[in-house]
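Just dropping this structure here.
The values are calculated or read from the model by the stated rules, or taken from the named source; none is laboratory data. Being a predicted model, the structure only gives us computed values, none of them experimental. Counting neighbours? That spans all protein chains shown, and the Cβs are built from the backbone with ideal geometry, glycine included. Ligands, DNA and RNA are excluded from the accessible area calculation, which covers all protein heavy atoms including side chains. Shrake-Rupley method; radii C 1.70, N 1.55, O 1.52, S 1.80 Å.
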Amino acid sequence: MKRLLALTVLFCAGGAHAAIWPSAAAPCNGTLQACIDGTAAGGAVLIRSSSLINEELVINKSFSLFAAPGYRPRLASSRSIAASAPSGASYFLEVRGIDLTRGRLTANASGATDASITLERINVDEGLFSAAIEIVGGSGTLTLDISNCRIRKPANLAEPGQRAIGIAALGSQARLKLFHNRIDIDESDAGAAIRLRTSGNTYFSAVGNDIRGRNYMAGINAVQTGAGSILNANFLSNVVRGQAGGVESPGALSIKVDAGTARVVMRNNTLVRNQNGIALSGAGSLAPSSIDRNVIAWNTSGLTIPAAQQGQVSVDNNLIHANGSNAYIAGSANLATDPQLISQHNLRPAPGSPVLGAGTFASTINPLVTLPELDADGLVLGRVNTDLGAYQRHGVHRLHRAVGGSGTLSGPGIPAGGFVPFVVSQNWNPDGGVGVYNNVAVGLSYGSFWQIFNQNFTALPANSAFNVFVPSRNNLPFQDTSTSTTSPNAPFTGIPTALRNDSSLFWLFTLNRTMTPTLGALNPHPVALLYFGGWSLHNTDDADFPQNASYSLYWQEMSPNAYVHYVSAANRSGNITTLDHPLLNGNPCALVQFSASTAGGVFNPHELGVYYTGSRWALFNQDGATLADDVAMNVLVDPAQAEFCDRLFADGFQ
């Protein structure tokens, strides 16, 4: 199995190689705590186990602790992770991919100068104590990234000051990012989902967070207390439903400026059936701030700004409907009609909703930091025109069955002409039915109609099936054509340089003969994405990539629903690797899109397919070849499509 050595070396945030736990060598041949203790400050431990870990973990140094690709470790019930910084020095902490039950994760950097803390894919079930995740910064700059974490029904939120995620940034500066976290709160009275206390100059960006429940004080709450300091708050694409508390700055989105200044951008949020939708308060300045492209509906109080600051806040291009009261100065482009959402729980706009395409207002106030162009689903926020609210239209998903071996595509959502980039994935058994193999590279072609075809020109097997995704043109998908003639590699050439060289991006591809003025070349070989100084497609069997072979590309930033899946011993059985995703598990009608990748440093020279096992979706080598560790696949899940299957809340969220 060919590997890219440069891609397989694992490093922690401080640049050190990672120790592996469990392993045969000391100090990592015993408990996980002994492995942590025996690894030097600035080092890292990589957990290659999905077994239950019955340990209380203490980290008292700069450190990285993360699950190896393809593994999902969980601490035993009531076990926690407590991290703290040594005094008088800079500090970093990384924790990724670990689950807790009735426990908590704390990171106390109060003794440090500058601190950098990253928490990613931390799941907390029934979180206890004052906060499920608690962060305390030091005297200097706090850099914090909390992304793709899930907190379910956090307990003990019945008193003021309790929270699911609590952040105290009381140093001179803070740069805080909370992206795509899911928090479910039930009967919490005065508790908050996300609470920030800051006194220094702070950049606080909350993007794509989904907060649901009932009777909790605040969804996302920030309090600025530093005289002479500035809070730059960017709240984008968040969903908050069910807030109903009445103490300590209550609101679905709330900011209190006790001292100093807050510069606020609240854009493309959906705030429905709360006691207070947006609540700004305090004596400090809000100049200049902007509230635009939001859906604020059926709240007891929709949008409240103190009279003295109303002239400092632009409120335009929102849909504000059926709230009990409001207090703001309105611009000329606000709507007041029913947003026509699908349901009280599915807060996406229904077909014909007035929010669709209504996001045309160009605010003069823009976020001062670079933010992801993603909506609440973790998919593309419209790059040309946007919809109002947190959910955007992403495109059309269709299932195509090759009845009689026909690959002809037609019907709603299928483009009427050529030169339209879209992607397809082979689906062995749609809806969990009888499976059909097609161990051949496929592509798209357009004559007078679109069709899926085998790149070696053999006939499609009768009733073989394909998941089809036609991205919205609003999302600017790309097309490209290979220039290679003597290499298995086809570098992206027609893509903007900034995207071509961004290793963090997520891509899907399908060979598409119609993307050139004449029909492009055939490439009957297994193909994968490769990043090596820039993005390219690569024939994983090392055959030369033909010149003038064209392909469709969909791109976006990584998110919980556009991610890389890695094969490991924990999820592999022979030629099959099982996906674990809350929108896919138990959902046979989900339409999974995937593309082969070399992100794990391994080439897999086999054609892939996706199939439903009866309880989970899985990817597999069509020819039965065993999948190696670290083989990678890009996987895209569209929650709006999964919602159509009526399975979105099968994981317990309501």
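Could you please find all residues in region 615-654 being modelled with pLDDT under 90, farther than 23 Å from Asn123 by Cα and open to solvent by less than 50 Å² (accessible area, probe 1.4 Å)?
Within region 615-654, just Cys645 meets the criteria.
May I pose another question? Quick one: which strands (runs of 3 or more DSSP E) lie wholly within region 562-654 and hold at least 3 residues that are of a type outside the set (Ser, Thr, Tyr)?
The qualifying strands (runs of 3 or more DSSP E) are 562-566, 593-597, 608-612, 617-621, 632-636.
Within region 181-201, track down each residue that is at pLDDT 90 or above and open to solvent by 20 Å² or more (accessible area, probe 1.4 Å).
Once the filter is applied, which keeps residues that are at pLDDT 90 or above and open to solvent by 20 Å² or more (accessible area, probe 1.4 Å), region 181-201 yields Arg182, Arg197, Ser199, Asn201.
Moving on to the next point. From the residues in region 323-348 that are hydroxyl-bearing (Ser, Thr, Tyr) and under 17 Å from Asp292 (Cα atoms), which one is most open to solvent (accessible area, probe 1.4 Å)?
Residue satisfying both the conditions and the ranking: Ser332.
Name the residues in region 272-299 that are in a loop (DSSP other than H, G, I, E, B), in contact with a Lys or Arg (Cβ under 7 Å, 6 or more places away or on another chain) and more than 25 Å from Ala358 (Cβ to Cβ), would you?
Of everything in region 272-299, just one residue is in a loop (DSSP other than H, G, I, E, B), in contact with a Lys or Arg (Cβ under 7 Å, 6 or more places away or on another chain) and more than 25 Å from Ala358 (Cβ to Cβ), namely Gly282.
Right, another one. Do we find that Ser139 is open to solvent by 40 Å² or more (accessible area, probe 1.4 Å) and in a strand (DSSP E or B) in this structure?
no
Same structure, new question: Quick one: in region 367-399, of everything that is open to solvent by less than 20 Å² (accessible area, probe 1.4 Å), farther than 24 Å from Ser289 by Cβ and of a type in the set (A, V, I, L, M), which residue is modelled with the highest pLDDT?
The residue in question is Leu379.
Being among the polar types (S, T, N, Q), farther than 29 Å from Leu522 by Cα, crowded, with 19+ Cβ neighbours inside 10 Å and within 19 Å of the chain's Cα centre (by Cα) is the filter here; which residues of region 560-597 pass it?
Within region 560-597, Asn561 is the sole residue that qualifies.
Give the residues of region 81-95 that are outside any loop (DSSP other than H, G, I, E, B) and surrounded by 18 or more Cβ atoms within 10 Å (Cβ to Cβ), sorted by residue number.
Ile81, Ala83, Ser84, Tyr91, Phe92, Leu93, Glu94, Val95
Kindly check whether there is at least one residue in region 549-559 that is over 26 Å from Ala376 (Cα atoms), open to solvent by 10 Å² or more (accessible area, probe 1.4 Å) and modelled with pLDDT of 95 or more.
no
Further question: Specify the residue that is least open to solvent (accessible area, probe 1.4 Å); the eligible residues are those in region 28-60 that are of a type in the set (A, V, I, L, M) and farther than 17 Å from Leu93 by Cβ.
Going through the qualifying residues, I end up with Ile53.
Residue check, Ile278 against (1) open to solvent by 10 Å² or more (accessible area, probe 1.4 Å); (2) under 17 Å from Glu248 (Cβ atoms); (3) within 31 Å of the chain's Cα centre (by Cα), all met but one. Which one?
(1)
Which residues, taken from region 48-80, are over 25 Å from the mean Cα position of the chain (by Cα) and assigned to a strand (DSSP E or B)?
Passing the criteria: Leu52, Ile53, Leu57, Val58, Ile59.
Can we say Val403 is modelled with pLDDT of 90 or more, over 27 Å from the mean Cα position of the chain (by Cα) and more than 30 Å from Leu176 (Cα to Cα)?
yes
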